[in-house]
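All remarks here apply to the structure that follows.
The values are calculated or read from the model by the stated rules, or taken from the named source; none is laboratory data. Being a predicted model, the structure only gives us computed values, none of them experimental. Here Cβ is always computed from backbone atoms with ideal geometry, including for glycine, and neighbour counts include all displayed protein chains. Note: accessible area is taken over every heavy atom of the protein model, side chains too, but ligands, DNA and RNA are not part of it. Shrake-Rupley method; radii C 1.70, N 1.55, O 1.52, S 1.80 Å.
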Amino acid sequence: MNAVNFDAVMLRMLAGAEDKRLLLHACCAPCASYCLTQTAPRTRVTAFFYNPNLDSAEEYEKRLHELRRLTEATKQADVLDTGYRHEDFAAAAAGFEDAPEGGARCERCFRLRLFETARMAKSGGFDLFATTLTVSPLKNAALINRIGSEAAEAFGVEYLPTDFKKRGGYLQSVQLSRQYGLYRQNYCGCEFSRRILQDK
């Protein structure tokens, strides 16, 4: 699976897709900044802000505000959000609180967010869905894409596999964050990743 060129797959799937609607799960504005440069010119994008993993309502609202500010500045996407639903993440993470960063808890978090994105894509009549999560050099794109494909099969909507970190995508997201003055957090968002950061 790691040998798959997800960048080439994405470009092939988006060829001639100008009239298709993409629901792009966005974890935050900095990650979305680069991902939108790759998707918005090729299809009609709605950024979907479903991030129940965030450790407080304040952090949720801060990141949502920055995503709205980015999309208003760039005119690349509309924004759809679900409201803060931390209980979704708490249920998914139960029993995995002490799992290592990048381990089983994170996989359950990816699954939670991608399955909800697939559900919303299907109910909203979107042609396909994707996620900005693969722009992070700390996240396993092959795992995320496998979960995305499982969600696509479960809900009957097409998944767009990506590896946005490739071709300097992550570094470009850092540069775009500076360009737009975006709040750039130093942890994924959950209380467990914050705790790990504080313990270092």
Taking the residues in region 173-197 that are under 20 Å from residue 76 (Cα atoms) and crowded, with 18+ Cβ neighbours inside 10 Å as candidates, determine which candidate is nearest to the chain's Cα centre (by Cα). 173
Return the residues of region 154-180 that are on the phi > 0 side of the Ramachandran plot and in contact (Cβ under 8 Å) with a residue 60 or more places away in the chain; say none if nothing qualifies. 167
Are any residues in region 103-159 within 17 Å of residue 92 (Cα to Cα) and in a loop (DSSP other than H, G, I, E, B), and if so, which ones? 103
Failed condition for residue 72, given (1) at pLDDT 95 or above; (2) of a type in the set (D, E, K, R); (3) closer than 22 Å to residue 122 by Cβ, with all others met? (3)
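Any idea which of 45, 4 is touching a residue at least 24 places away in the same chain (Cβ under 8 Å), open to solvent by 40 Å² or more (accessible area, probe 1.4 Å) and not in a helix (DSSP H, G or I)?
From the options 45, 4, the qualifying one is 4.
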Would you confirm, using the coordinates I've provided, whether residue 113 is out of contact with any strand residue (DSSP E or B) (no Cβ under 7 Å at 6 or more places or on another chain), of a type in the set (Lys, Arg) and open to solvent by less than 20 Å² (accessible area, probe 1.4 Å)? no
I need a count of the residues in region 79-106 that are in contact with a helix residue (DSSP H, G or I) (Cβ under 7 Å, 6 or more places away or on another chain) and not hydroxyl-bearing (Ser, Thr, Tyr). 11
When you check residue 56 against the structure, is it out of contact with any His (no Cβ under 9 Å at 6 or more places or on another chain), of a type in the set (Gly, Ala, Ser) and either on the phi < 0 side of the Ramachandran plot or open to solvent by 10 Å² or more (accessible area, probe 1.4 Å) (or both), yes or no? no
If I ask for residues that are open to solvent by 50 Å² or more (accessible area, probe 1.4 Å) and among the polar types (S, T, N, Q), which ones from region 161-172 would you list? 172
Pick from region 91-107 the residues that are over 15 Å from residue 195 (Cβ atoms) and more than 15 Å from the chain's Cα centre (by Cα): which of them is surrounded by the most Cβ atoms within 10 Å (Cβ to Cβ)? 92
With criteria (1) open to solvent by 60 Å² or more (accessible area, probe 1.4 Å); (2) in contact with a Cys (Cβ under 6 Å, 6 or more places away or on another chain), residue 158 comes up short on (2)
